[in-house]
Amino acid sequence: TFALFFSFTQVVKQPTRITQSAANTLDLVLSSRSDFISDITYLPGLSDHALLSFHVNLSIPLAPKMSKTFRNYKKANFEAINNELSAFLDIFLEDFNFRSVQANWNLHLAKVHELTNKYIPTYTVRHNRNAPWYNLHIKRLSNKKKRLFKSAKRSFNNDRWIPYKQAADEYVSAVKKAKEEFQQQTLPLMLTTDTKKFWRVINPKDDNKIILIDDTDNVIPSNLCASTLNECFIRNFSESADPSLPFVHSYDYAVMFPILIEPAGVEHLLRSLKPSSAPGCDLVNPKFLKSTSVYSSIILTKIFQQSLDNGFLPAEWKVGKVIPLHKSGNKTSALNYRPISLTSIPCKILEHILFSNLANFLESNSFFIFAQHGFRKTYSCETRLVSFMHKMNIILDHSSSADCIFLDFSKAFDKVCHKLLFYKLRQLNLDHKLLTWLEFFLINRSQSVSANNLTSEPRSVHSGVPQGSVLGPLLFLIYINDLASTVSSHIHLFADDCVLFREITCDNDIICLQSDLNAISVWCEAWRMELNINKCKRMHVSRKLCQLPKYCLNNIPLDPVFSYKYLGIHISHDLTWTAHTTYVINNANRMLGYLRRNFARASSSLKLLLYTTLIRSKLEYAASVWDPSQEYLINSLEMVQNNSVRFILSNYNRTASLSSMKSSLSLPSLASRRKAFRLSLFHKLFYHSHLHDELILPPQYISPRFDHANKVGIPSARTNAFFQSFLPRTSDEWNRLPASIATIEDSHHFKSALANIV
């Protein structure tokens, strides 16, 4: 049955165990391709089993030599490029108003490509599958060692093993020397000359080749992976041709002022471009725009204003080059990849301008709900987590409990219905030119996927806001903004990350929370959004043992959990940080093990950089929120730094002073750094108008002799667990700060002053 299930054939045809009384076939050679296996030779064995000898005839293809061609912008002649752009500017502006947006863009794009080909040389990089320290000398020694090994094995002469062992020793010595030279000389030099290459060596990614398996467990050919992924991504989009329009609140805002685009503003954006940003399908490189900002800003300003005034975008601005990014789970499933769209850099610059004007208009009219902290200036994951955890801690401090429903929207950005989004945008009294431009920006888009060095055919996109664009997140916030108005319980949002919660004091609270879940389900149906019920979870927050309430979504019971990873933090049902601290420590220790195995011979300065970048950063993500107060957790976290310090200095002597070693490296304790993070976050809350009113209490009394002017009230705590949570604990530490520091409004100056006392 086993052989039939896998389509195996038994190749052994003769008995392999022969005794005086019987002859049986006990040895198996199974294959799905018996034509690859030579005839089996049956030889006398050492026991009563025959010895089977056969060959597998397979031709192993050599891996193709991979190479890529790049532009060498370091050797570009930008003086000549700018001179030609200056001359081109007069020609471009002469009949500008008589040409369409597309014609003007085509003229500019052709000039950019002409100058790029003329003045920016190319170079070819061949992909090296060997270790970065592996050189030609080591390769020759390796080949020599292999030749001598084969010769010694064939000769049956012990004297032939002597030159092999000498060659093997020479090879090992050369490898050791090459590793030392690479880690002590090449890597530090690489850090100063090519930081991008440096970090590729330090933290290499997995092989970029994508291998997919279809529903029948067959491997999809490599050349079809791009089209398979594109088909999978396209299925995420909804094609609701004519949805009914639900009721939506209309706003009596004053009409938004028209947007005027100035060359100075465009030039500033061009100068601030990240050179490493990937270009879109128009191949306009940010390095080119950055180095020609004076003339490019004038040309692009004219095109941007014409595009906005006419409500029209060049075709290249509406095409996305999608890079599939693995999220989690099985890498062979196309469902476990997220589409990241690379769009035109010039279009993104215009999006930045429109984003700034639109966001300022909405913020000035207090459009966004207080519950939304995603993609908003002065808000962050930390502010969202602090607000959520503070409310949870208050409930537990009152010996009460709460039920939390963590909701997971399925492909939220891709599901946004264009017609319904336009319907909401029209209620905001936006400038009519901006509204027309936004509608044209979203409709009739297309995308193609790049995978395994191949690009799929473009496919039309019928819904959603483009991921990877500048305006996409803001448009999504507008679309989801009225979700909170449908519920009576607390709701916290960070973009599409949503948690619904309510204090449970009686059965009626459970009924209300279930009613809110039903209301959210109705909202999703009306606005064409979907919830991934399998990933939606319920958690009962309490320190008491009790029967857990049950909640349903679309009549499907939600799974209970005792810990949930929310915005990168593991939140436990009793609000302790043991589980999250353990997770962080294990993650950091894995990275430390990787560095020990691969960079033991590196210099101390390089090891220190690797520690602060790759290990300490893992230990300190959102640490201001979860900074533990228990001594054993503090010591466990510090142990990771202690082990890292020994690695940095290559000092594993048990009697060596760790405090002295950390002092020599200017490494403060992790606990003191977390305290500084908490005070810095508190400073942000204090000078944030809305968050200050929501979270910070006024002081009962300010002593002119002992207190500074920015003293705050400390929340009263019945339990030590609440007092050691972020707000009570940090409020007390804030009040103890010197007045000269607590009154500093600028966050950068505050952090600098804080570093001298924490």
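Between HIS398 and TYR564, the contour length at 0.36 nm per residue exceeds the Cα-Cα span by 57.5 nm.
Length gained on full extension, SER488 to THR186, computed as 0.36 nm times the residue gap minus the Cα-Cα distance: 102.6 nm. Using Cα atoms only, what is the angle between the long axis of helix 293-310 and the major principal axis of the chain, expressed in degrees (0 to 90) to the nearest 10? Once rounded, the angle reads 60 degrees. Taking amide hydrogens as placed 1.01 Å from N in the peptide plane, the amide H of GLY713 sits under 5 Å from those of LEU697, each at least 5 positions away in sequence or on another chain. Exceedance of the 18 Å cut-off in Cα-Cα distance is limited, within the set LYS377/LYS618; LYS75/LYS118; LYS411/LYS535, to LYS377/LYS618. Between ARG271 and ALA23, the FRET efficiency from the beta-carbon distance, with R0 = 56 Å, is close to 0.05.
The phi torsions of region 334-343, fed into the Karplus equation with coefficients 6.51, -1.76 and 1.60 and a -60° offset, translate into couplings of 5, 5, 9, 10, 10, x, 10, 8, 9, 10 Hz, rounded to whole numbers, with Gly and Pro shown as x.
For region 72-123, the spherically averaged projection of the C-alpha convex hull amounts to 3.8 nm². Sequentially through region 552-563, phi angles give Karplus couplings (6.51, -1.76, 1.60; θ = phi - 60°) of 10, 10, 6, 6, 10, x, 8, 6, x, 9, 9, 8 Hz, Gly and Pro residues having no value and appearing as x. With each label modelled as a point 7 angstrom along the Cα→C-beta vector, the THR124-LEU30 pair spans 4.7 nm.
Taking amide hydrogens as placed 1.01 Å from N in the peptide plane, the amide H of ILE571 sits under 5 Å from those of TYR564, LYS565, TYR566, each at least 5 positions away in sequence or on another chain. Rounded to the nearest 0.05, what FRET efficiency is calculated for HIS49 and ALA278 with R0 set to 56 Å and r the Cβ-Cβ distance? FRET efficiency, HIS49 to ALA278: 0.40.
Loop-located chymotrypsin sites (Phe, Trp or Tyr not before Pro) in region 659-758 (DSSP state other than H, G, I, E, B) with a sparse environment of at most 16 neighbouring Cβ atoms within 10 Å: TYR687, TYR701, PHE706.
The phi-based Karplus calculation (6.51 cos²θ - 1.76 cosθ + 1.60; θ = phi - 60°) puts the 3J(HN,Hα) values of region 76-89 at 6, 9, 6, 5, 5, 4, 5, 5, 5, 5, 4, 5, 5, 4 Hz, whole numbers, x for Gly and Pro.
The local environment of LYS607, defined by Cβ-Cβ distances under 12 Å, has a net charge of +3 under the rule Lys, Arg +1 and Asp, Glu -1.
Just round it to a whole percent: the fraction of Cα-Cα distances in region 634-758 exceeding 20 Å. Value for region 634-758 (Cα pairs over 20 Å): 54 percent. DSSP assigns beta bridges within the chain; of those with both partners inside it, close to 90 percent run antiparallel.
Only DSSP H runs of four or more residues enter the estimate; each adds -39500 (n - 2.57), and after division by the residues of the chain the mean residue ellipticity at 222 nm equals -14000 deg cm²/dmol. Starting from 0.36 nm per residue, how many nanometres of slack lie between PHE98 and ILE510 once their C-alpha separation is accounted for? Answer, rounded to one decimal: 141.7 nm. Roughly how many nanometres apart are two label points built 7 Å out from the Cα toward the Cβ at ARG426 and SER747? Rounded to a tenth, the inter-label distance reads 3.9 nm. Counting every alpha-carbon pair across region 517-607, the share separated by more than 23 Å comes to 52%. Counting pairwise Cα distances across region 280-410, what percent come out greater than 24 angstrom? Here the tail beyond 24 Å accounts for 59 percent of pairs.
In this structure, the amide hydrogen of SER401, modeled 1.01 Å from its nitrogen in the peptide plane, lies closer than 5 angstrom to those of ILE504, counting only residues at least 5 positions away or on a different chain. Loop-located chymotrypsin sites (Phe, Trp or Tyr not before Pro) in region 70-174 (DSSP state other than H, G, I, E, B) with a sparse environment of at most 15 neighbouring Cβ atoms within 10 Å: PHE156.
The per residue volume of the convex hull around the alpha-carbon atoms of region 2-53 is 80 Å³.
Between LYS165 and ASN83, what is the FRET efficiency for a Förster distance of 60 Å, r being their Cβ-Cβ separation, to the nearest 0.05?
0.35
Within 10 Å of each candidate Cβ there may be at most 16 other Cβ atoms; applying that plus a DSSP loop requirement, which chymotrypsin sites (Phe, Trp or Tyr not before Pro) in region 235-295 survive? Answer by residue number: PHE247, TYR251, TYR253.
Comparing the chain with the 2.2 N^0.38 Å rule of thumb, its C-alpha radius of gyration ratio is 1.18 (two decimals).
Coordinate-derived values only; no laboratory data. Worth saying up front: this structure is predicted, and the values here are computed from it rather than measured. Because the Cβ atoms are built from the backbone with ideal geometry, glycine has one as well, and the counts that use them run over all protein chains shown.
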